[in-house]
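Below: one structure, written as C-alpha coordinates.
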Amino acid sequence: QVHVVESGGGLVQPGGSLRLSCAASGSIFSINNMGWYRQAPGKQRELVAVITSGGSTNYADSVKGRFTISRDNAKNTAYLQMNSLKPEDTAVYFCNAFLREHGVLNYLTYWGQGTQVTVSS
(Lines give C-alpha, C1' and ligand atoms only; values in the text may rest on other atoms or scores of the structure.)
Protein backbone atom coordinates (compact mmCIF):
# COMPACT_ATOMS: atom_id res chain seq x y z
CA GLN A 1 0.00 0.00 0.00
CA VAL A 2 1.22 3.50 -0.86
CA HIS A 3 0.59 6.76 0.96
CA VAL A 4 1.23 10.29 -0.22
CA VAL A 5 1.20 12.94 2.50
CA GLU A 6 1.56 16.71 2.15
CA SER A 7 2.71 19.05 4.91
CA GLY A 8 3.82 22.63 5.42
CA GLY A 9 0.69 24.61 4.65
CA GLY A 10 -0.56 27.47 6.76
CA LEU A 11 -1.41 31.14 6.95
CA VAL A 12 1.09 33.63 5.55
CA GLN A 13 1.02 37.34 4.76
CA PRO A 14 1.26 38.60 1.18
CA GLY A 15 4.89 38.63 0.09
CA GLY A 16 5.77 35.83 2.48
CA SER A 17 7.10 32.34 1.88
CA LEU A 18 6.12 28.76 2.62
CA ARG A 19 7.72 25.41 1.86
CA LEU A 20 5.48 22.43 1.21
CA SER A 21 6.63 18.83 1.44
CA CYS A 22 5.18 15.72 -0.19
CA ALA A 23 6.32 12.34 1.06
CA ALA A 24 5.45 9.06 -0.66
CA SER A 25 5.80 5.91 1.43
CA GLY A 26 5.01 2.23 1.24
CA SER A 27 5.96 -0.54 -1.12
CA ILE A 28 7.43 1.71 -3.81
CA PHE A 29 9.57 0.34 -6.62
CA SER A 30 10.04 3.51 -8.62
CA ILE A 31 8.63 7.05 -8.82
CA ASN A 32 8.39 8.83 -12.15
CA ASN A 33 6.85 12.31 -12.01
CA MET A 34 5.81 14.13 -8.86
CA GLY A 35 3.57 17.16 -9.08
CA TRP A 36 1.86 19.89 -7.14
CA TYR A 37 -1.68 21.02 -7.92
CA ARG A 38 -4.00 23.47 -6.23
CA GLN A 39 -7.70 24.04 -5.97
CA ALA A 40 -9.22 27.31 -4.85
CA PRO A 41 -12.85 27.52 -3.68
CA GLY A 42 -15.23 27.31 -6.62
CA LYS A 43 -12.44 26.60 -9.09
CA GLN A 44 -11.08 23.52 -10.81
CA ARG A 45 -7.88 21.86 -9.67
CA GLU A 46 -4.93 23.24 -11.64
CA LEU A 47 -1.34 22.22 -12.18
CA VAL A 48 1.21 24.27 -10.25
CA ALA A 49 4.47 22.47 -10.96
CA VAL A 50 5.78 19.06 -11.92
CA ILE A 51 9.20 17.43 -11.68
CA THR A 52 10.47 14.29 -13.40
CA SER A 53 12.69 11.65 -11.85
CA GLY A 54 15.59 13.24 -13.71
CA GLY A 55 14.89 16.68 -12.29
CA SER A 56 13.24 18.37 -15.26
CA THR A 57 10.59 20.85 -14.18
CA ASN A 58 7.54 22.61 -15.56
CA TYR A 59 5.52 25.42 -13.99
CA ALA A 60 2.21 27.15 -14.43
CA ASP A 61 2.71 30.64 -15.84
CA SER A 62 1.12 32.15 -12.75
CA VAL A 63 3.89 30.84 -10.45
CA LYS A 64 6.97 31.04 -12.68
CA GLY A 65 9.77 32.93 -10.97
CA ARG A 66 8.10 32.65 -7.55
CA PHE A 67 7.74 28.91 -6.90
CA THR A 68 10.40 26.21 -7.12
CA ILE A 69 9.76 22.49 -7.18
CA SER A 70 12.47 20.04 -6.14
CA ARG A 71 12.75 16.45 -5.00
CA ASP A 72 14.89 14.10 -2.97
CA ASN A 73 14.71 10.73 -4.70
CA ALA A 74 16.35 8.93 -1.78
CA LYS A 75 13.51 10.10 0.47
CA ASN A 76 10.71 9.77 -2.12
CA THR A 77 9.86 13.37 -1.29
CA ALA A 78 9.06 16.44 -3.35
CA TYR A 79 9.09 20.04 -2.17
CA LEU A 80 7.47 23.26 -3.29
CA GLN A 81 9.20 26.45 -2.21
CA MET A 82 6.74 29.30 -2.56
CA ASN A 83 8.02 32.87 -2.40
CA SER A 84 6.38 36.25 -2.95
CA LEU A 85 3.02 34.74 -2.15
CA LYS A 86 -0.13 36.52 -3.28
CA PRO A 87 -3.71 36.30 -2.03
CA GLU A 88 -4.62 34.55 -5.28
CA ASP A 89 -2.30 31.70 -4.30
CA THR A 90 -4.76 30.78 -1.57
CA ALA A 91 -5.93 27.22 -2.19
CA VAL A 92 -5.68 23.64 -1.06
CA TYR A 93 -2.43 22.28 -2.44
CA PHE A 94 -2.32 18.65 -3.49
CA CYS A 95 0.63 16.48 -4.36
CA ASN A 96 0.64 13.48 -6.63
CA ALA A 97 3.17 10.82 -7.47
CA PHE A 98 3.22 8.69 -10.63
CA LEU A 99 4.78 5.53 -9.32
CA ARG A 100 5.15 1.78 -9.55
CA GLU A 101 4.71 -0.48 -6.54
CA HIS A 102 6.76 -3.61 -5.95
CA GLY A 103 5.12 -6.55 -7.69
CA VAL A 104 2.98 -4.33 -9.92
CA LEU A 105 3.77 -3.83 -13.62
CA ASN A 106 1.99 -0.51 -14.21
CA TYR A 107 2.67 3.03 -13.02
CA LEU A 108 -0.31 4.60 -11.25
CA THR A 109 -1.03 8.06 -9.89
CA TYR A 110 -1.44 8.48 -6.14
CA TRP A 111 -2.79 11.65 -4.54
CA GLY A 112 -2.38 13.13 -1.11
CA GLN A 113 -5.18 14.64 0.97
CA GLY A 114 -4.02 18.21 0.47
CA THR A 115 -2.75 21.03 2.65
CA GLN A 116 -4.35 24.45 3.01
CA VAL A 117 -2.37 27.55 2.05
CA THR A 118 -3.93 30.87 2.94
CA VAL A 119 -2.32 34.16 1.94
CA SER A 120 -3.89 37.04 3.78
CA SER A 121 -3.00 40.09 5.83
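With each label modelled as a point 7 angstrom along the Cα→C-beta vector, the K86-T52 pair spans 2.9 nm.
Surface composition of the chain: carbon and sulfur make up 47 percent of the accessible area, probe 1.4 Å. Within the shell defined by Cβ-Cβ distances under 11 Å, the residues around S62 carry a net charge of 0, with Lys and Arg each +1 and Asp and Glu each -1.
The residues of the chain present an accessible area of 53 Å² per residue when probed at 1.4 Å with all protein chains retained.
Just so you know, the Cα atoms of the chain work out to an Rg and Dmax of 14.2, 49 Å. Between R45 and S62, the simple spin-label model (points 7 angstrom out along Cα→Cβ) gives 1.6 nm. Put a plus charge on the Cβ of each Lys and Arg, a minus charge on the Cβ of each Asp and Glu, and nothing anywhere else: the dipole of the chain about its Cα centre is then about 100 debye.
Net charge around I51, counting only other residues with Cβ within less than 12 Å of its Cβ (Lys, Arg = +1; Asp, Glu = -1)? Result for the local shell: 0. Applying a DSSP loop filter and a limit of 15 other Cβ atoms within 10 Å to the trypsin sites (Lys or Arg not before Pro) in region 15-54 leaves K43, R45. As a calculated quantity, the FRET efficiency between L105 and S70 at R0 = 30 Å, using C-beta atoms, amounts to about 0.55. Straight-line cross-link partners of K43 among the lysines, defined as a Cα under 27 Å from its Cα and at least 8 positions apart when in the same chain: K64, K86.
The values are calculated or read from the model by the stated rules, or taken from the named source; none is laboratory data. Nothing here was measured: the structure is a model prediction, and the numbers come from that model. Quick reminder, even Gly has a Cβ in these numbers, built from the backbone with ideal geometry, and neighbours come from all protein chains shown. Please note that ligands, DNA and RNA were not included when accessible areas were found on the heavy atoms of the full protein model with its side chains. Shrake-Rupley method; radii C 1.70, N 1.55, O 1.52, S 1.80 Å.
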